[in-house]
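Rule-based calculations on the coordinates, nothing more; no lab input. All of these numbers come straight from a predicted model, not from anything done at the bench. When we count neighbours, we look across all protein chains shown, and the Cβ atoms used for this are built from the backbone with ideal geometry, even at glycine.
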Amino acid sequence: MIRAYELTKRYGGATVVHGLDFTVRPGTVTGFLGPNGAGKSTTMRMLLGLDAPTSGRSTIGGRAYATHPAPLTEVGALLEARSVHPGRTAFHHLMALAHTHGIPRSRVEHVLDLAGLTAAAHKRVKGFSLGMGQRLGIAAALLGDPATLILDEPVNGLDPEGVLWIRTLLTSLAAEGRTVLVSSHLMSEMALTADHLVIIGRGRLLADTTVAELIRTAGGASVKVVTPQADTLRTLLAGPGVRITTGPAGELTVHGTDAAHIGRTAAAHAVPLAELTPQTVSLEQAFMDLTQESVEYRTTAPLTGAPA
Amino acid sequence: MTTTATAPSPYRVTPRHVLRSEWHKLRSLRSTWITLLSAAALVLGVGLIMGTTYTPGGGDADIDTVVLVLYGTVLGQLCVSVLGILVTAGEYSTGMIRASLTVVPRRLPVLWAKAAVFAATAFLTMYATALVTFLAAQLFLHDTEQAAALTDPGILGALAGNAAGITLLSLIALGLGATLRSVPGAVGAYFGGILILPEVLGMLPYDAVDSALKYFPTQAAGALGSATPIPGAAGTVPALLALCLWAAASLGAAAVLLRRRDA
């Protein structure tokens, strides 16, 4: 369980993270989403005690990260920026981290194997591809068999096989009852792995929701209708909760009712239909709408606000 | 709060574990061995040159024997100081520091362990180098006024003092590396502030400056590595004390900043 209470980070005059309040529960994969520069990495660094929040606090497993007597067994972390000395071999890098907790060599070899790095274990990290670097980071995160995982953009630089490996790994870790927080700026990637979503834009919380709920609130399902008697159908469908918009080619987009009802209504009043297509808002679209609003809100604010 | 982990974990961050980790870090990098071997080779090489080219009754006759055979210390010490800087600033330049501080979030044990492991390694390497260099140089000095044995008064102490001087100077460098978080920055500050600045100050025509300068790091380190008292230099104990204070100040500043700053 990860909890953030009013986390705020200011650098000079710029507020990078603004009063973030969220909870990440065990047993599910939680996607931490936001456009580039939204404050995801800064938030994760605050959770891990690398950056001190300007105000607010956070706990992992009920206490501040830095107060855990064995942090590696509590939280495994993969940070976005590479955190490895390139002159060391993968094995020595992990062994040096393992020694701080008295974790034995056998565990280091096990996580190297889990990450598919056994063959490269004694090569210096300098020669690693981006994907191998990510695998090493994941191996380090798993070192202490932690109850919580915090992974910043884990699929970055991975080949399709690696991406699939991460997805399967995250899902199985969550299924074991662990808390898994994964950041990404790609909604499509999160749609495949995450159940819960924490979405931020410009350092502010935009949504703390489930994937299904996000689609619903983002406008939900609509139905595209093309008919020569658009005005007639508009009148027939009008009712509480129904919203109809007309597109440039005269097609109707109907919210608040389903295709079956529209089809029945049209048939009962002999309105010919040329097209009747249920449409689902893609997660990508829902995400774009959500973050777009925050961006627009930000850019228009100085125009409407009082001059400073 | 309910997690799968039911059995209490046997793993824990302890000072001993952090020391072991830092020792593993130090020995698993090539740069460690390159800098230490270079330091040892330079000291030994210069020592052999001093021994083989020594002219009895020449201008070097009244120089302290240990100082004479360990002339290469000036060069060797640079290598060890660079290693000290790499130990701390090297973690910042590579990003390794984020991994180090994530696994030991209390932070300070990392700095203390780095300093301890580095100091022990540097001291033992340079003490062994000093012993070997002294014995090798003496092979050529046995029938000159510079002939001395390890058992002669002050010799073993001066050899150990030489290694201690190098170690403490390099600890200042290690602290600078942690404070400035940049290898080139720390190398510049070390060369400019610790090695060159005292030389420049020494040119000023004030007696007070001269008496203060003998407690500056390089001069104090020089006083430690002499079997006989050097005229105008600080005594062994005050010099050691001064050098320890410099190292403590450098590490102390690094510790304060390590606690305060975002990693």
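Key figures for this structure:
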item	result
Difference of contour (0.36 nm per residue) and Cα-Cα distance, A:Ser55 to A:Val242	62.9 nm
Computed FRET value (nearest 0.05) for A:Glu213 with A:Leu186, which takes r as the C-beta separation and R₀ as 30 Å	0.95
17 Å Cα-Cα reach of A:Lys224 towards aspartates and glutamates, excluding residues that sit fewer than 8 places from it in its own chain	A:Glu251, A:Asp258, A:Glu275
Cross-link pairs A:Lys40/B:Lys114; A:Lys126/B:Lys114; A:Lys9/B:Lys114 - those with Cα-Cα distance over 25 Å	A:Lys40/B:Lys114; A:Lys9/B:Lys114
Trypsin sites (Lys or Arg not before Pro) restricted to the stretch A:25-60 and DSSP loop, no more than 15 other C-beta within 10 Å	none
Computed lengthening from B:Tyr206 to B:Leu131, 0.36 nm per intervening residue step minus Cα-Cα distance	23.2 nm
Pair B:Leu75, B:Ile49: separation of 7 Å Cα→Cβ label points (nm)	0.5
Hz values of 3J(HN,Hα) by residue in the stretch A:69-76 - Karplus curve (6.51, -1.76, 1.60), Gly and Pro given as x	x, 9, x, 5, 7, 8, 9, x
DSSP H segments from chain B that extend 24 Å or more along their own axis, Cα-based, with Kyte-Doolittle mean of 0.5 or above	B:30-52, B:73-94, B:108-141, B:155-180, B:236-260
Modelled FRET efficiency - R0 25 Å, A:Ala260 with A:Gln292, Cβ distances, 0.05 increments	0.20
Over the stretch B:131-263, relative contact order from alpha-carbon pairs under 8 Å, at least 6 apart, %	32
Reachable lysines from A:Lys123, criterion Cα separation under 18 angstrom, eight or more residues apart if same chain	B:Lys25
For the stretch A:122-127, Karplus couplings with θ = phi - 60° (6.51, -1.76, 1.60), whole Hz, Gly/Pro x	9, 9, 6, 4, 2, x
Helix-only CD estimate at 222 nm, as mean residue ellipticity for the protein assembly as shown, using -39500 (n - 2.57) per DSSP H run (n ≥ 4)	-16500 deg cm²/dmol
Alpha-carbon centroids, the stretch B:11-33 and the stretch B:154-214: separation in whole Å	27
Estimated FRET transfer efficiency when R0 is 45 angstrom, pair A:Gln285-B:Thr14 (beta carbons, to 0.05)	0.30
Mean separation of Cα contacts under 8 Å, 6 or more apart, over the residue count of the stretch B:15-260: relative contact order %	25
Square roots of five times the Cα gyration tensor eigenvalues for the stretch B:156-263, Å	26, 17, 11
Under Karplus coefficients 6.51, -1.76 and 1.60, residue-wise ³J(HN,Hα) of the stretch A:147-158 in Hz, glycine/proline x	7, 10, 10, 10, 10, 9, 6, x, 8, 3, x, 8
Radius of gyration, Dmax [the stretch B:15-260; alpha carbons; angstrom]	18.7, 62
Spin-label model distance (nm) - A:Glu251 vs B:Ala248, 7 Å beyond Cα toward Cβ	8.0
Sequence-distant residues sharing a close amide H with B:Gly225 (under 5 Å, placed H)	none
Between the stretch B:107-127 and the stretch A:256-276, the alpha-carbon center distance in angstrom	80
Kirkwood Rh and Cα Rg combined as Rg/Rh, chain A	1.10
Percentage of interatomic Cα-Cα distances in the protein assembly as shown larger than 36 Å	52
Amide hydrogen neighbours beyond the local backbone of A:Leu149, cut-off 5 Å, H modeled	A:Gly76, A:Thr179, A:Val180, A:Leu181
